[in-house]
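Take a look at the structure set out below.
The values are calculated or read from the model by the stated rules, or taken from the named source; none is laboratory data. Remember, it's a predicted structure, so these values are computed and weren't measured experimentally. Reconstructed Cβ throughout: ideal geometry from the backbone, glycine too, with neighbour counts over all protein chains shown. Surface accessibility is based on the protein's heavy atoms, side chains included, excluding ligands, DNA and RNA. Shrake-Rupley method; radii C 1.70, N 1.55, O 1.52, S 1.80 Å.
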Amino acid sequence: MSEPAPAAPAVTDAERAELRRHGMLLTSIEELCDWGRSHSVWPLQFGLACCAIEMIAASMARFDIARFGSEVFRPSPRQADLLIVSGTVTKKMAPMVVRIWNQMPEPKYCIAMGACAISGGPFKQGYNVLKGIDRFVPVDIYVPGCPPRPEALLHGLIKLQEKIRGQRLGTPAPSECPVPEYAAHDLDPTKNPQLWQPPVLVRKEGA
Amino acid sequence: METTEQIRERILASLPGAQVSLVTNPGLAAQHSLLLGAAHALQAALLLRDDAALRLDFCSNVTGVDWPEREVSEADPTAPGGKVKRVVPGFLEVVYHLYSVALGHGPLVVRMRTANRSDQVTLPSLTPVWRSCEFQEREVFDLFGVVFAGHPDLRRILMWDEFKDHPMRKDYVEPDDFEWEPTPHGDVLERARRHYPAPARPAKEPAP
Amino acid sequence: MNPSGLPPLASLPGPQIRAVHDELHGDLLELSMGPHHPSTHGVFRMVVTLDGETVVKLKPVFGYLHRNHEKIAEGASYLGSMPYTDRLDYLCSMTNNWSYALAVERLAGQAVSERAEYVRVILAELTRLLNHTCLAGFLLQDGGASGTPLMYAFREREKILDLFESLSGSRMMCNYQRFGGCRADPSPAWLDSARALVDGYGRFLDEYEALLTGNEILMARTQGIGRLSPQLAVSAGVTGPMLRAAGVGYDIRKVDGYGFYPRFTFRVPIGADGDTYDRYMVRILEMRESIGILRQALRDIPAGPILDPKAKQRGLRPKAGEVYSRIEGPKGEIGFFLISDGGPNPYRYRVRPPSLINLTILEDMCLGQSIADSVVILGSVDIVLGEVDR
């Protein structure tokens, strides 16, 4: 995303806070827009595995995700702006997840919920398990746990709201991800190199 | 329920010429099993299901076992050293666990074995006898590569259709797709070494 | 010719595809439902062929959650597979644990302490309450009762999960059973809160049933829908509440008498019609029986050790041999088949998944029904994909 360098604000944050103390709200369209967007995140109703049950629990009475404006779980990716990857992504499932991501309208966000979605988790050794959804889809928030408690998911959501509030209006670059295909032994390609590179291992000499 | 040996005799009485042998289970559970020859397996299965004294109408569990070729050493007084090494050919095995809902007994364990692990891997399907074998035999076909003759819909069930391997076999090599993991686990470190060869020795230590 | 009365495979209902395809009647429509579909309970997919709204063919597609449980377990120690069994049927980790622990105990010949047997029964019946309550909620959700029954179900689920959490440290993935007993001893306070929950559960069921059981829409959507004959159910290996709803009184708690179940009095409810309503009703009645078992178990639980400290857990090397062992899980017969070659990890490790095998007859139940009803039928099968695909 190429952004023009922001002009010096006419009113500083300190002045704005001072005005707010006197009962005057001075804001910008951008801020208002981000505030609204961050409190009406519509997740996709999309469950993969164990974590999906905790995702459902987060939307039920005790944890009540509606307090954060995200109770509207949409069945269609066309109407959703948050993909919660809740569970193990297998290689057989990975093309579908990428396709669902591609069908979601911009601006869109992704939460990798649980150890499996982050890295393969306990099933990392599996021949059919994708070692982290970030190999194919850009992830905004990682929520660790196996499965994460509903509170942890809510924490991830709050972090996502903070991230949204820090964004500025503009035309985001379309983030269409290439869909992997089934091959004879593995997916083809096994990762999206633009999104994910293996971490660099720093090793002592001779180790 | 009758003992496994009695059931074997019952099958042999009705199906003379059938290959049925007893496989003893040395474990504490002592669930012995019957090894059926492929030629008469379907008739024997029908008999087990329909015999008034057995009525094993419920096939609970179907699974495969891979037994690769292995070398055993056996005592042989004529050989030098008193032992001789022999290669036991590998085979694939399908195990069925049968119960009777009507009479409330079980399990009877029935096995079938293929001739080898490469080209002669066809066994008769028991789906015409017990409907519950349908998906489980597909799974054995998918993960072990046993071909079931007479199965109504023999396709891969868990892996995708383009997949070529049989991952539950002992000699399956999984795709090398986890690059690095920060654990002290021996296997994982070995993988990490393979992926990240030791860095070239720097020519000179940079001055601080 | 066929004394067991089972129909030969050729006579089982096959797809009845209409011969006429003209402009008036139109073509058949092939629809792929899933793996992302709100009513398929996870990543289940079915390829449905429709004539108008009527299902004429249905082929389930599996494997979207195949996470190689069996392969991983064959490389892990016996104890190391215990946390993985939590993640099979992730609503019922306690019964999965028990089934696996029972299989290893039979393989290695370990005895279980009396208190642990009682705790196992208590936890298994609590799991049954949890599973059936959630299932009723999801079933109604599939039928279009969006939200309310599921909200009630999850309210009760949270109460049971609080018990699990205070006992095992985790809400869902309890990893609680050990070979020869259980990992932690429930305190008297825990038993008291379990008693309080059991005492209140009957009231909740009354409330739930007042909301649902006599509901006209529920009856219209489920009665006579998705019939399953007892012969087909037995032949297809259907187990659990589905089998009993089809009219076959086969409950492994009674047949095998594992654990301490022979010490408790309870009845096995069976259905008359084998339709979706029966499958709902059998589960509700089973919950009432579970409450009875829980009352007896919580009354009679003896003091004593929960786990023999000398019982081998790590580095267990059972004698060579094999075992198949099963219990009555909330979804049906959950069994484990283990082959030991005397080594530290099983040579062959197999899970008998009730959810997968109960799906064998999904097509038979859905043929001739409308597509909206097939969603409800699938809901009444009660599948969890972690177990279907493993």
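Side notes on the structure shown:
- Mean separation of Cα contacts under 8 Å (6+ apart) over length of chain B, as relative contact order %: 15 percent
- Fraction of the pair-distance distribution of the stretch C:186-268 above 16 Å, Cα-Cα pairs, percent: 72 percent
- Site pair A:Ala14 and A:Arg168 shows an inter-label distance of 2.2 nm when each label is modelled 7 Å from Cα along Cα→Cβ.
- Note on the protein assembly as shown: dipole from Cβ charges, positive end direction compared against B:Ala52, B:His195, A:Val139; the farthest Cα belongs to B:His195.
- When chain C is described by a simple charge dipole with +1 on each Lys and Arg Cβ and -1 on each Asp and Glu Cβ, the residue from C:Leu28, C:Gly368, C:Leu135 located farthest towards its positive end is C:Leu135.
- Listed by chain and number, the lysines whose alpha-carbon sits under 27 Å from that of C:Lys254, ignoring those within fewer than 8 places in the same chain, are C:Lys331.
- Only helices reaching 27 angstrom along their own axis (Cα) with mean Kyte-Doolittle hydropathy no lower than -1.0 count here, and for the DSSP H runs of chain C these are C:114-142, C:148-168, C:188-212, C:276-300.
- Label zone at A:Arg67, where the point sits 7 Å out along the Cα-to-Cβ direction: the stretch A:133-176 residues whose backbone N lies under 18 Å: A:149-162
- A compact globular protein would have a Cα radius of gyration near 2.2 N^0.38 Å; the ratio found for the protein assembly as shown is 1.01.
- Over the C-alpha trace of the stretch A:71-207, radius of gyration and Dmax come out as 16.0, 55 angstrom.
- Label point distance in nm, B:Glu9-C:Arg267, each placed 7 Å from Cα along Cα→Cβ: 4.4 nm
- Across peptide C:169-181, the mean count of Cβ atoms from other chains lying within 10 Å of each residue's own Cβ comes to 2.
- Rounded FRET efficiency, nearest 0.05, which uses the C-beta distance separating A:Glu151 from A:Glu106 and R0 of 30 Å: 0.55
- Alpha-carbon gyration tensor eigenvalues x 5, square-rooted, for the stretch C:51-145, Å: 33, 21, 10
- Here the simple spin-label model places points 7 Å from the Cα toward Cβ, and for B:Leu189 and B:Glu74 these points are separated by 4.3 nm.
- Considering only B:Arg191, B:Arg155, B:Arg111, the Gaussian network model of chain B with Cα springs below 10 Å gives its largest mean-square fluctuation to B:Arg191.
- Pairs beyond 27 Å (Cα-Cα), from A:Lys91/C:Lys71; A:Lys124/A:Lys191; B:Lys164/C:Lys59; A:Lys124/C:Lys310: A:Lys124/C:Lys310
- One way to sum up the overall shape of chain C is the equivalent ellipsoid from its Cα gyration tensor, whose semi-axes run 37, 25, 19 Å, largest first.
- Here is how the number arises for the protein assembly as shown: DSSP H runs of 4 or more residues each give -39500 (n - 2.57), the sum is divided by the residue count, and the result at 222 nm is -10500 deg cm²/dmol.
- Where a label projected 7 Å from the Cα of A:Leu195 along Cα→Cβ would reach, residues of the stretch A:135-160 with amide N under 17 Å: A:135-143
- Degrees separating the helix A:94-103 axis from the principal Cα axis of chain A, which is the longest one: 30 degrees
- Under the convention that each Lys and Arg Cβ holds +1 and each Asp and Glu Cβ holds -1, the size of the dipole of the protein assembly as shown around its Cα centre is about 1860 debye.
- Using alpha-carbon coordinates, inclination of helix B:186-195 to the longest axis of chain B, degrees: 60 degrees
- Taking Cα centre as origin and charging only the Cβ of basic (Lys, Arg, +1) and acidic (Asp, Glu, -1) residues, the dipole magnitude of the stretch B:4-163 rounds to 300 debye.
- Mean projected area (nm²) of the alpha-carbon convex hull when the stretch B:4-163 is viewed from all directions: 12.0 nm²
- Accessible area buried between chains A and B, both sides summed, probe 1.4 Å, in Å² to nearest 100: 2300 Å²
- Placing +1 on each Lys and Arg Cβ and -1 on each Asp and Glu Cβ, with no other charges, gives chain A a dipole about its Cα centre of roughly 500 debye.
- Against chain A, whose longest principal axis comes from its Cα atoms, helix A:29-38 is set at around 40 degrees.
- Between the residues A:Ser86, A:Pro43, A:His155, the greatest Cα displacement towards the positive end of the dipole of the stretch A:41-165, with unit charges on the Cβ of Lys, Arg, Asp and Glu, is found for A:Ser86.
- Length gained when the stretch A:Ala184-A:Met24 is fully extended (0.36 nm per residue, less Cα-Cα span): 51.1 nm
- Solvent-accessible area assigned to carbon and sulfur over chain C amounts to 54 percent, based on a 1.4 Å probe.
- FRET efficiency for the B:Asp161 to C:Arg299 pair, using the beta carbon distance and R₀ = 41 Å, is estimated at 0.15.
- Per residue accessible area in Å² of the stretch C:77-389, where ligands, DNA and RNA are left out and the probe is 1.4 Å: 29 Å²
- Taking a ≥ b ≥ c as the square roots of the eigenvalues of the Cα gyration tensor, the stretch C:272-338 is oblate, since a/c reaches 1.5 or more and a/b is not larger than b/c.
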